Amino acid sequence: MYAQYDGLIFDMDGTILDTEPTHRKAWDDVLGRYGMRFDLQAMVALNGSPTWRIAQAVIELNQADLDPYLLAREKSDAVKAMLLDTVRPLPLIDVVKEWYGRRPMSVGTGSESAMAEALLAHLDLRRYFTAVVAADHVQNHKPAPDTFLLCAERMGVSPEKCVVFEDADFGLQAAHAAGMAAVDVRRL
């Protein structure tokens, strides 16, 4: 089905790993400490963004005087405390396993590299990927193409020969901006 591509790129959260419920709970816990709230639909619209960018949106909505990077760190710490025990692979991991050894594959995520590497290692999935490109590896995040372009570079594959698997609008926009084919996994 994907034989026409020389490289496969996978978003992580919500695409190959079921991390979304844990991320939502971590946000609820952290925001609750400050008496802040954030609409779930607005949060979903920011999927694929780095945590600090989501924190900035939350702070602006709540007109709070907080540092978005510190709030993001608190949220990331809350996630780390929960994720390793709660996260599970999603069905798309079968595509990863099917193409392992047949095509280079990478992960392009809006999560921080420490989180991505820890999750993939914990679930014994890291070995499937030539590269993991995370939020702290690029300056311009999704919907900019930088994450996926760096994935292609690290796999040694031309961008136009890559397909990206994504569950977020920002990620799909980033794939198209990179000149790559994209599969919206929400429609699979």
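Share of the range 1-159's accessible area from carbon and sulfur, percent, 1.4 Å? With neighbouring chains kept in place, the figure for the range 1-159 is 49 percent. For the range 5-12, backbone phi angles converted through the Karplus equation (6.51, -1.76, 1.60; θ = phi - 60°) give residue-by-residue couplings of 9, 8, x, 10, 10, 10, 5, 9 Hz, Gly and Pro being listed as x.
Each residue of the range 146-159 was assigned a 3J(HN,Hα) from its phi angle through the Karplus curve 6.51 cos²θ - 1.76 cosθ + 1.60 (θ = phi - 60°); the sequence is 3, 4, 6, 5, 5, 4, 4, 4, 5, 8, x, 10, 5, x Hz, with glycine and proline shown as x. For the chain, a Gaussian network of Cα nodes joined below 10 Å ranks A144, A175, A45 by mean-square fluctuation, and the top entry is A45. Net charge dipole, the chain: roughly 360 debye, given to the nearest 20, about the Cα centre with Cβ charges of +1 for Lys and Arg and -1 for Asp and Glu.
What longest range of the chain stays clear of loop-exposed trypsin sites (Lys or Arg not before Pro) (DSSP non-H/G/I/E/B, at most 16 other C-beta within 10 angstrom)? It works out to 103-188.
Between 0 and 90 degrees, the angle of helix 68-86 with respect to the longest Cα principal axis of the chain falls at about 60 degrees.
Computed over the chain with a Gaussian network model linking Cα atoms closer than 10 Å, the most mobile of V163, V79, V95 is V95.
Note that the chain presents 47 Å² accessible area per residue, ligands and nucleic acids not counted, probe 1.4 Å.
With the convex hull of the Cα atoms taken as the outline of the chain, the averaged projected area works out to 9.8 nm². Magnitude of the charge dipole for the range 47-109, about its Cα centre and with charges confined to Cβ atoms of Lys, Arg (+1) and Asp, Glu (-1), is about 420 debye.
Under a Gaussian network description of the chain, with springs only between Cα atoms under 10 Å, the residue in V157, V132, V44 that fluctuates furthest is V44.
For the range 95-156, the ratio of Cα radius of gyration to the globular rule of thumb 2.2 N^0.38 Å stands at 1.09.
For the chain, adding -39500 (n - 2.57) for each run of n ≥ 4 DSSP H residues and dividing by the number of residues yields -14000 deg cm²/dmol at 222 nm.
Each Lys and Arg adds +1 at its Cβ and each Asp and Glu adds -1 at its Cβ; summed about the Cα centre, the range 76-146 shows a dipole of about 300 debye. Shown for the chain: lysine pairs separated by 8 or more places, or found on different chains, whose C-alpha atoms are under 26 Å apart, numbering 9. Radius of gyration over Kirkwood radius for the range 42-135, both on Cα atoms: the Rg/Rh ratio is 1.04.
The values are calculated or read from the model by the stated rules, or taken from the named source; none is laboratory data. Please read these numbers as outputs of a predicted model, since none were measured by experiment. Every residue, glycine as well, gets a Cβ built from its backbone with ideal geometry; the counts of neighbours run over all protein chains shown. The accessibility values were calculated without ligands, DNA or RNA, using every heavy atom of the protein model including side chains. Shrake-Rupley method; radii C 1.70, N 1.55, O 1.52, S 1.80 Å.
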